[in-house]
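Working notes, structure below.
The values are calculated or read from the model by the stated rules, or taken from the named source; none is laboratory data. None of these values were measured; they are calculated from a predicted model. Here the Cβ is made from the backbone with ideal geometry for all residues, glycine too, and neighbour counts use every protein chain on show. Keep in mind that these areas ignore ligands, DNA and RNA; they rest on the heavy atoms of the full protein, side chains included. Shrake-Rupley method; radii C 1.70, N 1.55, O 1.52, S 1.80 Å.
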Amino acid sequence: MMFTFTRPKSFFFVALACTALTACGNATAQKAPVETAVNETVDVAPVAEVKDMTGSVKIETWIDDMDQPWGLVFTAENTALITQKSGELFLYQNGTLTSISNVPEVNDARQGGLLDVALDPNWPNEDWIYLSLSDPKTSGSSEAMTKIIRAKLEGTKLTNIETLFQAKAADYVDAGFHYGSRITFDAAGHLYFSIGDRGIMSDAQDISKPNGKIHRINRDGTIPADNPFVDTADAYATIYSYGNRNPQGLIVHPDTDVLWSTEHGPKGGDELNVIRSGINYGWPEISYGINYNGSVLTEFTQKPGMAQPISQWTPSIAVSGLEVYKGDLFPAWNGRLMVGALAFEELRLVTVDGDKYGSEIMILQQEGRIRDVTTGPDGAIYVATSDQILRLSPADK
Ligand SMILES: [Ca+2]
C-alpha cells in the first residue's frame, strides 16, 4: 500500500496533524502538542561553516583491540556495555572486557549484526537493557530485519529476554544494509527506534512496511494509544514517522524532549531532522543527494506534505551515532548534539536551540570511522571507532 499525505498549505502544524489523524490519545491530552511549523518549502543549504576546535580535546585510548563496536552505554562509573557488530555484547569493568553469554543470534553481514544498546531510563532501579539487532528470519538465514529486545544482566549472562518489536515474517529482507536501529527514550518513557529502508527505497513511503521509519513503543513492547497510525488499516501501529532513509542517529534531547535524528543520505544529503508524530520526511521522493553512481535520484528537494531537514550535509559526512553532551568537563558544550561521522572520520558538535539549528564545530578528526558517541559519568566524551573506544577530555587539564 502506498500512502502519502497531501496537505493544502505549505506549512502545517503538529497539532493539526493530530486532529486530522484522530489519533491523539491520553498521553497527548496530558501534554498539549507543541505547535511548531514543519518547513516544507524552503530549501536547506548544506552546512558550510564548521569551526575547527580539535585542539580543545585530549585523546586517549580507553579500550583497544575491538572489532567494530557499534553501541556504547555506561552502566556506572568506568563501567560500560558495548555491542560489537559480530554479535558479541561486552561488559567493560576495571580494565577488563567480559563477553556476555546468551545473546540472540544476529545476521552479521555487511551493515547487519548486533547494533545498539541502551539502558532503561529508570536505570538502575529498573535494570532492563535494550538491544537492537539484525534478526535472521530463521537460524542462519540471510533474510533479516531490525528487531528490538530487552533483557537483564545476571552476572555475565543475559536473562529474561523479551522481544519488544519484530517485523512480520513477510517483511524480512535479503539485503545487508540500512538497518537504522538506534534506541532512545522520551521524558514520558516511550522507546523510539529507527529502521532504515533496507535498500528498498519505496518502502519508506509505505506505512504497511516497517522499513524506512522511526517507531515508537512502550518499554514493555506495547503500542502507545496516541501513535499516529494506530487506526490506519494495514499500517504498522508502531510507526511514528516515515520517509526516513537510514537513521543511524536518534536521541531525545534531555533539556527539551525534542527527538533528533541523523540520517544517511545517498551521495550527499545527509540529514539532521526533528522527528514528529505522523510526519513524512520525504525519502525517496525528495533528497539533496544523488545516486552513488552520480545519476539523478530525484529532481525534487521539496514536495508538499514532506518535511525538510533541519540541516543537511553535502557532501555526505556519513552521519552515525548521535548523543547530547551533558557533563562537567566541557561546560561550554553542555546541551550540544554530538554527531559522529564514518566517512569523514569526525566528531562534530551542533548547537541547537529548541528545534532550531545554530552552529557547528569539529572536535575530532582522522581518528577512525566514528560509529557511536556518548558522555561518560566522568563528563568525558567516549567515542567508538572501528577498533577502539576513545576518551576525550579537555586539552588544557
Ligand atoms: Ca528527508
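Tabulated results
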| read-out | value |
| --- | --- |
| Per residue, in Å², the accessible surface of the range 328-381 once ligands and nucleic acids are set aside, probe 1.4 Å | 36 |
| Stretch gain in nm, segment residue 61-residue 365, where the contour uses 0.36 nm per residue and the Cα spacing is subtracted | 108.0 nm |
| Over 20 Å between alpha carbons, listed pairs 147/326; 147/209; 51/267; 209/303 | 147/326; 51/267; 209/303 |
| Cα-only Debye scattering, the range 87-220: base-10 log of I(q)/I(0) at q = 0.12, 0.21, 0.22 Å⁻¹ | -0.47, -1.27, -1.35 |
| FRET efficiency estimate (nearest 0.05) - Cβ-Cβ, residue 296 to residue 187, R0 45 angstrom | 0.60 |
| Å³ per residue enclosed by the Cα convex hull of the range 210-313 | 117 |
| Rounded to the nearest 20 debye, dipole of the chain from Cβ charges on Lys, Arg, Asp, Glu | 540 |
| Whole-number accessible area per residue in Å² for the range 61-144, which is evaluated in the context of all protein chains at 1.4 Å | 42 |
| For the range 242-397, the fraction of alpha-carbon pairs in successive 10 Å shells from zero, as % | 11, 40, 33, 13, 3, 0 |
| GNM result for the chain, Cα springs below 10 Å: residue of 241, 101, 311 fluctuating most strongly | 101 |
| q = 0.13, 0.32 Å⁻¹: log10 I(q)/I(0) that the Debye formula gives for the range 49-101, counting C-alpha atoms only | -0.42, -1.35 |
| Evaluated over the chain, the Cα radius of gyration and Dmax, each in Å | 19.7, 59 |
| Extension reserve of the residue 123-residue 233 stretch, reckoned as 0.36 nm per residue once the Cα distance is removed | 36.0 nm |
| Carbon/sulfur fraction of accessible area - the chain, other protein chains in place, 1.4 Å, % | 48 |
| Unit Cα scatterers, Debye sum, the range 305-361: log10 I(q)/I(0) for q = 0.24, 0.26, 0.27 Å⁻¹ | -1.05, -1.16, -1.20 |
| Ratio of Rg to Rh over the range 334-397 (Cα coordinates, Kirkwood Rh, two decimals) | 0.97 |
| Protection-proxy order for peptides 347-354, 192-199, 218-225, 114-121, each taking the mean of Cβ atoms within 10 Å per residue, highest first | 192-199, 114-121, 347-354, 218-225 |
